[in-house]
1. How many of the residues making up segment A:211-242 are of a type outside the set (F, W, Y) and either on the phi > 0 side of the Ramachandran plot or not in a helix (DSSP H, G or I) (or both)?
2. Is there a residue in segment C:57-70 that is over 18 Å from A:Y123 (Cβ atoms) and either touching a Gly at 6+ places or on another chain (Cβ under 8 Å) or more than 8 Å from every other protein chain (Cβ to nearest Cβ) (or both)?
3. Among the residues of segment A:472-501 satisfying the criterion of being touching a Lys or Arg at 6+ places or on another chain (Cβ under 6 Å) and modelled with pLDDT of 95 or more, which is surrounded by the most Cβ atoms within 10 Å (Cβ to Cβ)?
4. Which pairs turn up if I take residues in segment A:20-32 that are more than 7 Å from every other protein chain (Cβ to nearest Cβ) and look for partners that are assigned to a loop (DSSP other than H, G, I, E, B) and small (G, A, S) with beta carbon separation below 9 Å, at least 6 apart in sequence or on another chain?
5. So which helices (runs of 4 or more DSSP H) stay within segment C:85-160 end to end and still have 3 or more residues that are among the aliphatic types (A, V, I, L, M), more than 18 Å from A:L708 (Cα to Cα) and more than 7 Å from every other protein chain (Cβ to nearest Cβ)?
6. Just a yes or no: is a residue in segment A:324-335 buried (at least 24 other Cβ atoms within 10 Å of the Cβ) and in contact with a helix residue (DSSP H, G or I) (Cβ under 7 Å, 6 or more places away or on another chain)?
7. Sort through A:D27, A:D43 and tell me the only one that's of a type in the set (D, E) and part of a loop (DSSP other than H, G, I, E, B).
8. Which is among the aromatic types (F, W, Y) and over 28 Å from A:M702 (Cβ atoms), of C:F94, C:F116, C:F109?
Amino acid sequence: MTGKYFGNPIKRLEDKQLLTGNAKYIDDIEVPGQLHAAFLRSDFAHARILKIDVSEALKRPGVVAVYTAEDFGDFWKPGPLQVPPPTAIPGSKFNARTLVPIAKDKIRYSGEVLAVVIAESRYIAEDAFDDIIVDVESLPAVVDLEKAWEDSSVLVHDDLPSNMAALVTQEVGNYEEAKKKADVVVARRMLIEHVAGAAMENRGFLASWDDQNQVMTIWANTQSPLTVRGSVSRALGLAESQVHVITPAIGGGFGPKVMTSLTDDVLLPWISKQLKRPIKWVEDRRENFLATTSERDQVHHCEIALKKDGTILGFKDVFYHNTGAYDSYGMTVPLNTQTHIISNYRVPNFYTQIRMVFTNQMVVTPVRGAGRSEGVFAMERMLDFAAKEMGLSPIEIRRKNLLRADELPLATGITGQDFVKNTLDSGDYLGNFEKCLQAIEYDKFIKETQPKAQKEGKRLGIGVVAFTEGTAVGPYEGCKVTVSTSGKVTMTTGYSSQGQAHYTVFAQIIADQLNVKVEDVKVITGDTNHFAWGAGTFASRGATLVGTAALLASQKVRAKIFSTASKALGVPEDQVELGEGSVSIKGKPDSAIPLGTLAAMANPMRGVIEPGVEPGLEATAYYGPPHGSTGCGAMGVILSIDEETCKPVLEKMVIVDDCGTMINPLIVDGQLQGGISMGIGNTLYERLVYDENGQLLTASFMDYLMPLATDMPKKLEIIHNHAESSLKLNPLGIKGVGEAGAIPPGPAIVQAIEDAFADKGVEILETNLSPSSIYGYLKKVEHK
Amino acid sequence: MKPVNFDYYAPSSVDEALDTLAELGYDGKVLAGGQSLIAAMNFRMARPSALVDLNNVAELSYIKPTADGGLAIGTMTRVSTVEHNQDVIQRFPLLVEVAKFIAHPQIRRRGTFGGAIAHADPAGQLPSISMVMNMQALIKGKGTERWVAAPDLIIGPFMTVIEPNEMLAELVIKPHPPRTGAKYVQVSRQSGGYAQSAVASIVTLDENEICKDVHMVLMSVAEVPILSEKAREILIGNKPSKDAIEAVAEAASTSEIDPASDLHASADYRRSITRVLIVRSLTEAFERAKRGGK
Amino acid sequence: MKKLFPITVTVNGKVYERQVEARLLLSDFLRHDLGLLGTHVGCEHGICGACTILFDGEAVRSCLIFAVQANGHEIRTVESLGTPENLHPLQQSFTDKHALQCGFCTPGFLMTLVPFLEENPTPTEDEIREAIDGNICRCTGYEKIVEAVHDAAEKMSQKK
Amino acid sequence: MKVEGEHLFKAPREVVYEMFNDPDALGAAVPGMQKMIKLDESHYEAVLGIRVGPVSANFSGNLSLTDEVPPESVTLVIEGKGGAGFVKGVGYVKFEDLGDETTLLKYTGEANIGGTLASVGQRMIDSVAKSMFKTVFEKLDKILEERWQKN
């Protein structure tokens, strides 16, 4: 499907405000009379609270109030389960221990809030921290996932018999039987490191209670405004209509901003109501690292069973997944991992077990890539190890096992994060891979480039991997499309936007249907008073779900335009022509009625509308897919590495991606490039490090290294390979693309580094590499 | 992340600044470019009770050629000014080479030459460079003035001999003898990031290609920058052969440094790359010396 | 009682007289005292570059300068570039090339690049990458920012 | 953080050991020690102001000497906290009599550092700790020199 706008590289409608500093982000919102909140956070990762004395802090000029857990009385309670447990999976065990808004009795991670200071300014609020006396009994911390799982471990939650947060086993076929028939079985233990979402804008929250109208207005840079509305209204005993959540411009989401029921969104509305003053909190960067959710952090124990020729007979992966101190966000991440281990390969017998474990660390929730990158890493690495063991090339083993287009759709039998049986619905997996090999010039590299470099004393390496990206899961999203009497069109949705170009791509869909100029379509996102149904921004589902709803709603409006115009023009509908911004009788341009005028006619002030006719050129539509749609692709990397310093340089990267039909190729490329930079960062620079006492050692950009412009590949090529089969998934034939780029860089780069040192037989068993750790791997093989 | 409050003084002359520092004693802290200090204050790791801001002291910002062919650099001269100064480019290209590695352009435009040296960060480039160039530091107090050679200025991590009531006023660099070459090399994880190891060498050859003099500093591999004795022992009076340079690298990286393991690099790795960097730095420095410093 | 210091600062050509606490960061002063909200704060330790402004014409971090230090100085923020109706050529290239997504880091990039392009009107790709290495962007992967700078450089030098 | 090292004192073992039980000596040797009060035979209360470059951090806490085996070994337990975070450490100190009125002190230990210092100050901790140990031993040498040689 293409149109005047749909499918074209339209420049973004939202840019001008952002470029000129006019867009308002959370810290740009100022409400008269607002006070500032700052959270005193625990220095200890695990401790019993003996006493918190705030009396001195209250005496400080400019301090308005200070609260500890005790001050909230019955209002203090553990938060809701934001994502339910996986009851859909038989035999699954899940121990819910949800985040508390402020520590009471026990501290479970360093950075957990101990006191809330409300003051005239953030400066003064932080000053008051010095006045608060905190007396604790520190406890040994639980940090290591495998040790935490053992029965003898110190407990994060004293009332549980162990640190088991969940145990979920899924099996398709029979792995142990397959293993018996295998010629080769390869087993490895791999680490997947802990990384941060690290949006450039930190989190923020402003609660303003209007006592006269009994309405709570909230500004929050959340990916999930409707969840915030629900939890605030439930907590305060208000009707949902009494809580108005507005998302301002948001400086990036990447996952962690989906989390609700933290300190800010639970306690600040209550405090605002209590003090009858607006309260604003803006997180600082150190807090963001300490106390905003993060992801990855798994330990995989994998086994792959194969026939001599490289055919996979079975795969087993028992993995530990760190959920942090609480598990409010359910099992989205490890379930994503479980569905993505198979990735795009033919695995007839598959056994996978999640061991989700509580530790004294901040909660783990999705970060761009969300469990997918972990699963894909595990599979891709195991293929590499198996290939080496069997003397196959990494290319052969993949070619052999990649699913063919005619094998799709394929029900994998694994239940995913959406509690729906996963389906690999569409795509040309082998084709993606072959295209990638061509673009990266694999054969030439192996035959010419690499040997030539070797002669010159340079080390080059190549890595090529395949991946899938589960996207566009349910339950549903919706929107309302309205033609106003000015002729301008408005679309409202409960979805919220963090930079993904929603204001442009939804407008493109609608503008084509209604034949209006794209800049005449105003998209309003994330304001609960405008549209109050939906789940939130996650899992690369905006374009597919909201986009399809926009198509359906605008098709309904289009039908209304024709029926209203038919009456107004006095001709049958098939004689009505929809021109740009007006309707007329076919062949009679003089008869044109502007859309705005038609909108006014659809809302008559006198007379009677016919039964069954709804007023206005307006319609609402919802869309929920039967199952998610799986994006897919392949990535190739060529890198050079200085043998002496072990510093890699990314010479070239190619990504082949199938995200179905593109609404706007400019935006798709932007999403892929951004994702790739995150994948590069996750592999070569970024890493959250907790020490054995649960102290986060990387709470600043001095130590948490974000990928920079000079860290990007010298050449980055994007190839779109949109399979025909993608087109049948939904009316627009769309799949998500937000996370694709972040998934394959890890296994591709690691494979390339191994390849560069192929003569030394280096084997890399983790996702996050520094030159120092690469050096460590080299030393290890030298000492063998 | 907001700093604690402090008292603030913005003198407009050196004398006024010294009076203020004398009055404040231990409570006073000099604010130069502030690119390290203000970051530490924002984290509330630094909580000085009074700052004496030298940014309005125009007389501390200059680059003056000295009669002997060297340079005198006022403490408040911005790093980017040094980086782009024609006299510096002509006389001490090493400084220009190093400057490009110091954080990012925005920091270099505000950060000062003297401030960075007085900060004595073991991972900072300029303290090490001040040592390897044997810069002479002019330290002023109220009614006092003393000259200290940079190697004696820095006594520990973030520690110098500058007293709280004193300040670093000027750094003087002597000209290099003819046939002197210099080279700075570092390994850091990213551009502008802290080095895991860095080496700067300044070498002088005589007309027979014999090493007349060598100064080499090893940075980020001990709690203070290390001026290599081994380099002098092995190279001076000898031809700087590949073997001789290898011998320096081996000796210095095994016996002169004490690297720590941290989040970004193991001690082993640091030792290994220091060895590599010594070879690279010395080799290129000697090449440059042969070409008359270019 | 907290001590206040009187300052006179020229921001985007306009003279402001204010009383400030010594510790007030220039970034906070611009944003909350003057209401110039286009300057963003991303880390407050001088690494992310979101708060980059021009201080006497030079791109610096406003989170690592105290407002009181701006006394007598001239500052330019993103608000001094173009308006939505009349974008600066660099801003125009940013939107043409899709060099921004969430937009939070963008003002810092623009303020870094405006003086860079004045000094270096025909930069190479490597020079552009080095110039923006003090600015972190989490969304774009920098590819399109580099494209936009090339584009702007071309357009701006044609105009001259 | 693990710490480990040794130092040679030019004094007999008994004298060195005694110095470790003397709050005045310890107080004088630790840089930035503002107050050190002996609570009982083996417990001290201390207030410490560390000033390292831009960092200034005040700590208050306790020092205990346990498992004392005079003059062979002692275990030091330190607990301190302040605005920049906390430090909890245990140090095992052994005094070896090398004869000739010299004593070799060997120490191993582990420090648990938390709060801002740990989360954003990683880069500095190791070098600062190393240099502090150096300073402490230098000062103790001086104290010994005065005491021992005066006797």
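The values are calculated or read from the model by the stated rules, or taken from the named source; none is laboratory data. All of these numbers come straight from a predicted model, not from anything done at the bench. All Cβ positions, glycine included, derive from the backbone under ideal geometry; neighbour counts span all protein chains shown.
1. 16
2. yes
3. A:A501
4. A:I26/A:G251; A:E30/C:G35
5. Because the criterion is at least 3 residues that are among the aliphatic types (A, V, I, L, M), more than 18 Å from A:L708 (Cα to Cα) and more than 7 Å from every other protein chain (Cβ to nearest Cβ), the helices (runs of 4 or more DSSP H) in segment C:85-160 that meet it are C:143-159.
6. no
7. Only one candidate qualifies: A:D43.
8. That would be C:F94, the only listed residue that is among the aromatic types (F, W, Y) and over 28 Å from A:M702 (Cβ atoms).
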